[in-house]
Amino acid sequence: MQPVISIAGLNKTYAGGFQALKDINLDIRRGEIFALLGPNGAGKTTLISVICGLINASSGTVLADGHDIVKNYREARAKIGLVPQELTTDAFETVWATVSFSRGLFGKPRDPAHIEKVLRSLSLWDKKDNKLITLSGGMKRRVLIAKALAHEPQILFLDEPTAGVDVSLRKDMWALVRTLRSTGVTIILTTHYIEEAEDMADRVGVINNGEIVLVENKVELMQKLGKKQLLLQLQQPLPTIPASLAAFKLETSPNDPCELVYTYDIHAGQNAITQLFDALRHADVHFKDLRTKQSSLEEIFVQLLQEAK
């Protein structure tokens, strides 16, 4: 299947000499939710701005649904909806007027039914006649999403969409995102709430210092890099860990002297745990409870950036 976004050899150097993007090569699949992660200043917003035609690249090509974003700007831009990071709205316009105007900017015919559908899906219908200046920050964020959806794009960029949004609004937004994905819309998400990427994304890309560090299926990334731990609650603390258990590299929990921590390769699975239990029994070490813990995407993300330094 042809990717909905195809980026090749993309570079961006600003007038002062700072290179924000360095030879970016990336394909984003049609209909997926793709999470782009990276620290502040990594190049996330610059990359999105180039794809959306807000700034010009220094070199390289970007195709949006097969349309070159430079040579076929109008066709490419019509495919894309952008929810920017900054809250930029027409303060004295009504919600209905500003969302309807956004649709008209792309040459789309008037469609009050579609505008109503978008506003209702974002719980904005009862605010349709309110001026934007009267809305809360969370409601203004919803208006930005409505504006991005007004022209029925097939590619939606969400640049930190839930920054400053309360939990209730955040849940509503992600419900809408899932609905859009089910209709075939491709979602590209940047977020500092890494648990959102872990919950929502199909694939994860990590960018650092303007370079793509990796692109990986989220589940495979968790399996590949995630450490799994078995936490054993002992009946009594051990003065020292017996030498016969040295091969398992057990550690005492820093927060609980009665807890032993066994970190193992998830691919070793049940066999490694069975061997540990046998060794504990022979060493006369008894435990009364156990639980498992697996690395979160956030922990993996921090690890990747440390390895990239």
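Points worth noting:
- Condition met for GLY16 (farther than 22 Å from ASP202 by Cβ and among the small types (Gly, Ala, Ser)): yes
- Filter result (surrounded by fewer than 21 Cβ atoms within 10 Å (Cβ to Cβ) and closer than 21 Å to GLY104 by Cβ) within segment 127-145: LYS127, LYS128, ASP129, ASN130, LYS131, LEU132, LYS140
- Taking segment 103-116 as the range and being touching a helix residue (DSSP H, G or I) at 6+ places or on another chain (Cβ under 9 Å) and surrounded by fewer than 19 Cβ atoms within 10 Å (Cβ to Cβ) as the test, the residues that pass are PHE106, GLY107, LYS108, PRO109, ARG110, ASP111, PRO112, HIS114, GLU116.
- For segment 172-194, residues that are assigned to a helix (DSSP H, G or I) and of a type in the set (S, T, N, Q) total 2.
- Complete set of residues in segment 11-31 that are assigned to a loop (DSSP other than H, G, I, E, B), touching a residue at least 40 places away in the same chain (Cβ under 8 Å) and on the phi > 0 side of the Ramachandran plot: GLY31
- Test for LEU82: is it in contact with a helix residue (DSSP H, G or I) (Cβ under 6 Å, 6 or more places away or on another chain), at pLDDT below 95 and part of a loop (DSSP other than H, G, I, E, B): no
- Residue count for segment 223-262 satisfying the condition of being touching a helix residue (DSSP H, G or I) at 6+ places or on another chain (Cβ under 7 Å) and either hydroxyl-bearing (Ser, Thr, Tyr) or closer than 30 Å to ILE7 by Cβ (or both): 4.
The values are calculated or read from the model by the stated rules, or taken from the named source; none is laboratory data. The model shown is predicted, which means the values in this text are computed figures rather than measured ones. Positions of Cβ are backbone-derived with ideal geometry, glycine not excepted, and every protein chain shown enters the neighbour counts.
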